[in-house]
1. Give A:Glu141, A:Glu99 a once-over and let me know the one that is over 29 Å from A:His13 (Cα atoms), in contact (Cβ under 8 Å) with a residue 60 or more places away in the chain and more than 10 Å from chain B (Cβ to nearest Cβ).
2. Would you be able to say whether some residue in region A:173-180 is of a type outside the set (Phe, Trp, Tyr), in contact with a Leu (Cβ under 8 Å, 6 or more places away or on another chain) and either without any contact (Cβ under 8 Å) to a residue 60 or more places away in the chain or buried (at least 24 other Cβ atoms within 10 Å of the Cβ) (or both)?
3. Output the residues belonging to region A:107-121 that are assigned to a loop (DSSP other than H, G, I, E, B) and either of a type in the set (S, T, N, Q) or not assigned by TED's automatic domain parsing to the domain that holds A:Leu131 (or both).
4. Looking only at residues in region B:120-143 that are under 15 Å from B:Asp224 (Cβ atoms) and in a loop (DSSP other than H, G, I, E, B), which one is modelled with the highest pLDDT?
5. In the set A:Gly263, A:Gly231, which member is at pLDDT below 95, on the phi > 0 side of the Ramachandran plot and either within 22 Å of the chain's Cα centre (by Cα) or part of a loop (DSSP other than H, G, I, E, B) (or both)?
6. Can you tell me which residue in region A:61-75 is nearest to the chain's Cα centre (by Cα), limited to those that are crowded, with 18+ Cβ neighbours inside 10 Å and away from chain B (no Cβ under 12 Å)?
7. Return the pairs, sorted by first residue and then second, in which the second residue is small (Gly, Ala, Ser) and surrounded by fewer than 15 Cβ atoms within 10 Å (Cβ to Cβ), the first residue lies in region B:199-210 and is in the same structural domain as B:Thr189 (by TED's automatic domain parsing), the beta carbons are less than 7 Å apart, and the residues are 6+ apart or on different chains.
8. Of all the residues that make up region B:204-238, how many are part of a strand (DSSP E or B) and exposed (fewer than 15 other Cβ atoms within 10 Å of the Cβ)?
Amino acid sequence: MKAACWHGRQDIHVEHVEDPRILNPRDAIIRITSTAICGSDLHLYNGFIPSMKKGDIIGHEFMGEVVETGTGVSTLRKGDRVVVPFPIACGHCEPCSRELYSLCENSNPNASMGEALWGYAPCGIFGYSHLMGGYPGGQAEYARVPFADVGPLKVPEELTDEQVLFLSDIFPTGFMAAEACGIRKGDVVAVWGCGPVGQFAIKSAYMLGAAKVIAIDRFPYRLRVAAEQGGAETINYEDVSVSDALREMTAGRGPDHCIDAVGLEGHAPGLKGAYDKAKTMMMLETDRPVALREAIMNCRSGGTISVAGVYGGFIDKFPMGAIVNRALTIKSGQTHVHRYMRPLLERIRSGEIDPSFVITHRLSLDQVSEGYSTFSGKEDECLKVVMTP
Amino acid sequence: MHTYAQARPSHERLAAGLGWFSLALGTAEIAAPRTMARLFGIPDDPRLVSVLRGFGAREIASGLGLLTQPEQPGWAWSRVGGDAIDLAFLGAAANEDSANHQRVAMAAAVVAGVAALDLICARGLQDHQDSRRALGIEPSHDVSVERAVTVGRPIAEVFAFWKGYENLPRFMQHLTSVETLAEGRTRWTATGPAGVSVSWDAETLVERENEWIAWRSLENADVDNSGSVRFQEAPGGRGTEVHVHLTYSPPAGQLGRGIAWLFGQEPGQQIKDDLRRFKQLMETGEIPLSEGLGLQRAAQPVRDVADVAAMAGVSPELVGAGARLEGGRA
């Protein structure tokens, strides 16, 4: 089959590889009909995620048709059309039974690597480094889906691939980020980063009752989507001081909750940005937490910092004093996608939201290299790339 | 109350501390004997200075000994003897007219204080060694590993799976088989990567329903080993806590090297990985495999499923679409 393989920094291209085979009785093989590039895939593309190996098949946002199942899968049948959640979860361990699927204790065969870096290991994730299990990803023609009796969600025929594909990651991820804020009536939510996850966080914050959402980015076309599609007020941090603007827009209160939808490759103008860029280049820190620091410093006292952006290692100059003295709460986690797929499918079905509004580029899998460079370079007003194998 | 303590015995820690002290003092005495002589208040006489150099060499020898073999009482005793010589030397030096008597007295007091510590350390180490000898425990290099895992299944189910020793090779990477020979007798076989096969017989020492299993290899075993597993209900309905304790004495020579893989480079990690597979099997009915296991190969589909099974150390019967589901979730 054809698959997008990682070969090093900014080198991802299509290769011919073996077709997947069932390894475990609870596996299914899916013929992929749509697959997307996630913002977090850009961290792989730009070489920020450790434990990648040349030839790794990447991609974790995919859907398709079941073509084979193991003896342990009785919930799926050949021909079923399913969306696959990006975290792999066994459904039976204690975290799974508490719906904390991304903390599954059984789905990461390389758990000892995670323990070495993070203390304990997270779940397995498709196509996202060996640290996350070493599972081949879904930017391919076929994928093997472990614990297929727990993860894949059957989707109704009347909805298109583009409408349901993002149930695999970014819609639940934006939703969980907003939900973690515990939004109350009248709350203002600020969202750093207007990539796809940020866009869904904006929509979700309104769904959950926010009075106002403020979107922060530096690309006018992304801020335009946040305003037009999400109904957010916007701040371009290259034009104005974020801190001054937020104070003004909240009449001095500060946003009640702040969502970091940027993650470890944050940018900042001037010295602030140069500081972290230099430190990461000298390997003195692994991640550039400019958005996270700004979110903490600008959040209203007693508020929530909800971190949806991906961080992998260690950060520097973390304003712990602000967190302690102003009683801020930090919430984070890889998304417990399984928990959100059904309720969010209902919101799509009822017409409350059509997630396809983020798609700007439709390519074939063969054009994957182009997809990555366009998305990573924010060229051609790129917001979301969807590919068909 | 269970306290987790794997720290070195206190006398060994004291020995290491004294070792560093010896090294520092010895280095100073060799490098700057005249300064040290002035510090101790003894006359700046070339004869005395060369004696001080000699003392420096002795201190360094004791220090290295203490640091490399902190369990051996001999090195601590060598310091006790050295202290006696130092005190005699200081006594003699004090009689010299040009000595600074106040400083010599102070140096003597410090030596006496350190001598007391040396004595405590040497006697402590000696007692420990004597008691081990009395018990017939040779100062061996026994490897002892304790690891635990929580399995989200009822205690009876978890116990039953362990009690059937033949289940162990399903999740213990290096075990090929465990057969029951007779009541309380089992034969264990392990195969290594080079095809080296080792087999030994063991007897069950304890088998207390839902609580405790313990076994020990019999006299004829190539590798002397023993193991025990304790089962305990985890709090708040979290299933069963499984505490494994294994000890073995690796034999010397060729066989010893052949045996090294049996418990892995890092025996604790090996047991931990085995216990993780046990938890997976009990909780999910399978041992989930990935094509990119470790960093051995890229995360790409495999041509032969058996390769992945071999790489992961999982028995072939657990691999493939029609593999049988083992453990509690069948």
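1. A:Glu99
2. Residues of region A:173-180 that are of a type outside the set (Phe, Trp, Tyr), as a first pass: A:173-174, A:176-180.
Add one more test, that the residue is in contact with a Leu (Cβ under 8 Å, 6 or more places away or on another chain), and what stays is A:178-179.
Restricting the remaining residues to those that are either without any contact (Cβ under 8 Å) to a residue 60 or more places away in the chain or buried (at least 24 other Cβ atoms within 10 Å of the Cβ) (or both) gives A:178-179.
There is at least one residue in region A:173-180 that is of a type outside the set (Phe, Trp, Tyr), in contact with a Leu (Cβ under 8 Å, 6 or more places away or on another chain) and either without any contact (Cβ under 8 Å) to a residue 60 or more places away in the chain or buried (at least 24 other Cβ atoms within 10 Å of the Cβ) (or both).
3. Result: A:Ser107, A:Asn108, A:Asn110.
4. Applying the first criterion (under 15 Å from B:Asp224 (Cβ atoms)) to region B:120-143 yields B:136-138, B:140-143.
Retained after the next criterion (residues that are in a loop (DSSP other than H, G, I, E, B)): B:136-138, B:140-142.
Working: B:Gly136: 58, B:Ile137: 56, B:Glu138: 53, B:Ser140: 54, B:His141: 63, B:Asp142: 71.
Here the answer is B:Asp142.
5. Numbers: A:Gly231 fails: at pLDDT below 95.
It is A:Gly263.
6. Step one: filter region A:61-75 for residues crowded, with 18+ Cβ neighbours inside 10 Å, giving A:61-64, A:66, A:68-70, A:72-73.
With away from chain B (no Cβ under 12 Å) added as a condition, the list becomes A:61-64, A:66.
Values: A:Glu61: 9, A:Phe62: 13, A:Met63: 16, A:Gly64: 20, A:Val66: 24 Å.
Going through the qualifying residues, I end up with A:Glu61.
7. B:Glu203/B:Gly184; B:Thr204/B:Gly184; B:Asn210/B:Ala156
8. Applying the first criterion (part of a strand (DSSP E or B)) to region B:204-238 yields B:204-208, B:212-217, B:224-233.
Filter again for exposed (fewer than 15 other Cβ atoms within 10 Å of the Cβ), leaving B:205-208, B:233.
Matching residues across region B:204-238 total 5.
The values are calculated or read from the model by the stated rules, or taken from the named source; none is laboratory data. As the structure is a computational prediction, the values presented were derived from the model and not from experiment. Neighbour counts run over all protein chains shown; Cβ positions are idealised from the backbone, glycine included.
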